[in-house]
Amino acid sequence: MNAVERTVHFMIAAEDCALFLDFDGTLVDLAPRPDRVVVPPELKIALATLQKRLGGRLAVISGRPVAELDALLAPLVLPAAGVHGMEWRGADGVMHRQPPPPLDGVRAVACGLAARHPGLWVEEKHGALALHYRQAPALESLCREALGEAVRAQPGLLLMAGKMIVEVKANGIDKGTAIRDFLAEPPFAGYLPLFAGDDTTDEAGFAYVQAIGGKGVKIGAGPSLAGHRLPSAAALRAALMRLAAAPAFRKETT
């Protein structure tokens, strides 16, 4: 077990942790399209075990809608934030949604690009719109510049560049604010957050949790604010499954 895995184990095992996990690229490996990701059955079992041991303090923080997370993790239903905090469901099962910003201008630009370039495709979510270029990586600059111009023409929007994706949503709402909202309610309130993520869109989460004394774990390569790092989603899955399989948290860290 390396130093970062020991940190993850220690924080969770110390029983004062609230665990927040990004999904794509963090819990599961990236796929050519979001609907092609594979969720190992043993991961679901590990997440269910850890959620129970943590008294419910485990949530998924994703760019995906919550409904997609539920479908992929079924039959497991976890507290979750979707669309980078535009929607979130607490431990009480109540769904909260931020008012969607006006996206007509951005939609017109994104759909126009996708119509002209078959390798691009548009994904619409509650309060956000994403333009994917994974199948046409040479078009990255075009996608960023075109949507950037559309965002500049519409106050109140934020352009986010992720892994082979450009996404637009309301400004002032991100994974950091989603984690903040979880920590304001039971069973998360009063516990230190540990957040693991892999992409630039997770940086707001790292900044928030570390500012309040928690830990950020960057998955994979690339610059990051996170104070800790694991090499891959597979490494995080292995660490979580080892911890879930341990007879007792405290025995695992001694």
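Read-outs: derived from the displayed coordinates by stated rules, not from any lab. Everything quoted here is computed from the prediction, not taken from an experiment. Glycine also receives a Cβ, built like all others from the backbone with ideal geometry; neighbour counts cover every protein chain displayed.
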So which residue, out of GLY56, GLY216, GLY172, gets the largest mean-square fluctuation from a GNM of the chain using Cα contacts under 10 Å as springs? GLY172
With contacts defined as alpha carbon pairs under 8 Å and 6 or more residues apart, what's the relative contact order of the stretch 104-170 in percent? 32 percent
Taking R0 as 30 Å, what's the FRET efficiency between HIS96 and ASP16 from their Cβ-Cβ distance, rounded to 0.05? 0.70
Taking a ≥ b ≥ c as the square roots of the eigenvalues of the Cα gyration tensor, with a/c under 1.5 meaning rounded and otherwise prolate when a/b exceeds b/c and oblate if not, the stretch 104-170 is prolate
Of [x] 37, 19, 15; [y] 32, 19, 16; [z] 35, 31, 17, which one was derived for semi-axes √(5λ) of the Cα gyration tensor in Å from the structure shown? [y]
May I ask you to derive the FRET efficiency for ALA238 and MET164 from their Cβ-Cβ distance with R0 = 41 Å, giving the value to the nearest 0.05? 0.95
Using all alpha carbons of the stretch 161-254, what is the percent of pairwise distances in each 5 Å bin, ordered from the shortest bin to the longest? 3, 12, 18, 19, 21, 16, 7, 2, 1, 0
Counting only DSSP beta bridges with both residues in the chain, what percent are antiparallel, rounded to the nearest 5? 55 percent
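Multiply the residue gap between LYS52 and ARG144 by 0.36 nm, knock off their C-alpha separation, and tell me the result in nm, one decimal place. Provide the component values of the computation, followed by the final result.
Working: separation 92, 0.36 × 92 = 33.12 nm, distance 4.18 nm.
Full-extension gain reported as 28.9 nm.
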Taking a quarter of the surface of the convex hull around the Cα atoms of the stretch 1-150, what do you get in nm²? 10.9 nm²
Per 0.36 nm of contour for each residue apart, how much would the distance between ALA245 and ILE45 grow if the chain were fully extended, relative to their Cα-Cα spacing? 71.0 nm
For the chain, modelled as a Gaussian network with Cα springs under 10 Å, which listed residue fluctuates most, LYS169, LYS125, LYS218? LYS125
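Multiply the residue gap between HIS117 and LEU76 by 0.36 nm, knock off their C-alpha separation, and tell me the result in nm, one decimal place.
Working: separation 41, 0.36 × 41 = 14.76 nm, distance 3.78 nm.
Extra length available between HIS117 and LEU76 comes to 11.0 nm.
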